[in-house]
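The values are calculated or read from the model by the stated rules, or taken from the named source; none is laboratory data. Just so it is clear, the model here is predicted, and its values are computed rather than measured. Every residue, glycine among them, receives a Cβ derived from its backbone with ideal geometry; neighbour counts consider all protein chains shown. Calculation scope for accessible area: heavy atoms of the full protein, side chains included, ligands and nucleic acids excluded. Shrake-Rupley method; radii C 1.70, N 1.55, O 1.52, S 1.80 Å.
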Amino acid sequence: MSEKNRFSISDTQKILNSKFIGKKILHFDKVTSTFDKAKEVELSDGLVIVAKEQTEGKGRLGRVWKSEMGGLYFSLIISANHFLPDLQFSTIVCALGVQKAIEKTCNCMIKWPNDIVSKDGKKLCGILAKTVFSGTDAGFINVGIGINTNNSPCSKDLPYASSMKDTISKEIDENRLMCDVFEQTEKCILTEKSKILKEYCEKCITINSFVRAIYAKTGEGFTGLCIGINEDGSVNIKNENSDIITVNSGEVSVRGIYGESYV
Ligand code: BTN
């Protein structure tokens, strides 16, 4: 990757136009996970913790997030006050912000709850948000984001993964992308909820699709039409008996049922 496209704090902050996200950035060569690093540093609203590599990157539903050099792995630390009383809604807000940022360079959509996928259904980015309680105040949301920028994650184990670079056949300017992520996420945080939910639905390929929902704990599942999303980020799926089943992102993964695609 050329040096000018590689993330650096100074090159990003030189062009950053945000109110609070990214005003303070910590950059590490190698960490176990940015979630672990967040436990060792003083947290503040808008702090970003970035790592070149993670040795124990965490994914949704207990999965591993492969975090080799060439991708962007970072945590946005956001005060829970921005989301109260609906902390769960932070997932929807941040997924939309990140989708809008990636879309500036590479066509993409959201796969519920917060994967960003290319037009051909390959995963470009994963997001995992955790609540961090702190003493007496409302605490923080740690929004962990892994973007496949200039790496090539597609392999036998990860056939449905791709990177932005492999999708558009051009190196990605990580400083421009980071600014877009910070600015777009911040904008979404400051926008009213009904507008965010509407836009999320427009960008979400899962809604109005036939899906198979699989419970992570048991491996059991059911098939149905995803008919909508609720304000807590759960989705409603109409099964073959026309019952409407609400599933939560913390317990279920969904897959499209047509074709050989990840979505
Ligand atoms: C998913 O399973 O799709 C969510 C992946 C989230 C990966 C990011 S990389 C930065 C942050 N630190 C982690 O250990 N995981 C998240």
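Send over a whole-number figure in Å² for the accessible area per residue of the chain, probe 1.4 Å. Mind showing how you got there, number by number?
On the way: 12430 Å² over 263 residues.
Accessible area per residue, the chain: 47 Å².
Computed over the chain with a Gaussian network model linking Cα atoms closer than 10 Å, the most mobile of 250, 144, 219 is 219. The radius of gyration of the Cα set in the range 1-149, together with its Dmax, comes out at 14.8, 46 angstrom.
Multiply the residue gap between residue 39 and residue 107 by 0.36 nm, knock off their C-alpha separation, and tell me the result in nm, one decimal place. Display every interim value, and only then the final one.
Numbers: separation 68, 0.36 × 68 = 24.48 nm, distance 3.48 nm.
Full extension of this stretch gives 21.0 nm more.
Modelled spin-label separation between residue 192 and residue 14, with each label point placed 7 Å from Cα along the Cα-to-Cβ direction: 4.0 nm. Sort out for me the Cα centre separation of the range 40-56 from the range 199-232, rounded to whole Å. Result: 31 Å between the Cα centres. Between the helical axis of 90-103 and the longest alpha-carbon principal axis of the chain there is an angle of about 70 degrees. Given R₀ = 25 Å, FRET efficiency for residue 55-residue 2 by Cβ-Cβ distance, to 0.05? About 0.45, to the nearest 0.05. Of all lysines in the structure, those lying under 18 Å Cα to Cα from residue 123, and not within fewer than 8 positions of it along the same chain, are 58, 66, 100, 104, 111, 156, 165, 170, 203. In the chain, the calculated helix contribution to ellipticity at 222 nm averages -6000 deg cm²/dmol per residue, counting -39,500 (n - 2.57) for every DSSP H run with n ≥ 4. To put it simply, the accessible area of the range 16-175 at a 1.4 Å probe is 48 percent carbon and sulfur.
Projected onto their three principal axes, the Cα atoms of the chain cover extents of 56, 46, 32 Å, largest first.
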